């Protein structure tokens, strides 16, 4: 169906993924590709409204998961699928791996239920590549303390993030053809060089 490429950035809060998205998108553009950068939850007018609720309002676990997938469905329909069909590249800050990690690992929701929602909302459409930024818990927590006001996920206790990271790494093992783990404890310059090489490879150079 799609002729463009769909790249996602994942990782626990504080892993450093957001630092590299804009530079990675620029690297792909330098190879002549049209690139759209977006984020989840969000990416559309409705999605951004749902994001505000999801990040700041307390709610039932299954309500949270359903709203995540509702925002994702709108994101797919309005942004991701049309862009890929045009031949554009889409780079998204988070996608369904995050829901398995946060609502599944962190919150403890049934992974079977999440798989059913995944199949319903986007079927066989998966990212061409997922870059999973990984750091030990203590590194992520230290970085978060230096940032803005924390949302409700970022304020969770350490054991929450241990479970989130565990599910991320389990998914990397389960889908090695799609998920590439990035050691985000390294200097930013080293990570940037690796991502430039990834961009060149994806662009066929």
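The values are calculated or read from the model by the stated rules, or taken from the named source; none is laboratory data. Computed from a predicted model, the values in this text were never measured in an experiment. Here Cβ is always computed from backbone atoms with ideal geometry, including for glycine, and neighbour counts include all displayed protein chains.
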May I ask you to verify whether residue 97 is in contact (Cβ under 8 Å) with a residue 60 or more places away in the chain, touching a strand residue (DSSP E or B) at 6+ places or on another chain (Cβ under 9 Å) and surrounded by fewer than 18 Cβ atoms within 10 Å (Cβ to Cβ)? no
What's the number of the only condition in (1) buried (at least 18 other Cβ atoms within 10 Å of the Cβ); (2) touching a helix residue (DSSP H, G or I) at 6+ places or on another chain (Cβ under 8 Å); (3) not in a loop (DSSP other than H, G, I, E, B) that residue 73 fails to meet? (1)
From the list 45, 28, 35, exactly one residue is at pLDDT 95 or above, buried (at least 19 other Cβ atoms within 10 Å of the Cβ) and over 17 Å from the mean Cα position of the chain (by Cα). Which is it? 28
Restricting to segment 23-57, name every residue that is touching a strand residue (DSSP E or B) at 6+ places or on another chain (Cβ under 7 Å) and under 22 Å from residue 188 (Cβ atoms). 24, 25, 28, 29, 35, 37, 39
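Residue-by-condition table, conditions (1) in contact with a helix residue (DSSP H, G or I) (Cβ under 9 Å, 6 or more places away or on another chain); (2) farther than 20 Å from residue 19 by Cα; (3) surrounded by 16 or more Cβ atoms within 10 Å (Cβ to Cβ); (4) modelled with pLDDT under 95:
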| position | (1), (2), (3), (4) |
| --- | --- |
| 77 | no, yes, no, no |
| 102 | yes, yes, yes, no |
| 109 | yes, yes, yes, no |
| 130 | yes, no, yes, no |
| 134 | yes, no, yes, yes |
| 140 | yes, no, yes, yes |
Selected residue (only one of 198, 90 is within 13 Å of the chain's Cα centre (by Cα) and within 30 Å of residue 33 (Cα to Cα)): 90
Would you please name the residue that is surrounded by the fewest Cβ atoms within 10 Å (Cβ to Cβ), looking only at residues in segment 5-17 that are under 18 Å from residue 96 (Cβ atoms), touching a strand residue (DSSP E or B) at 6+ places or on another chain (Cβ under 7 Å) and modelled with pLDDT under 95? 17
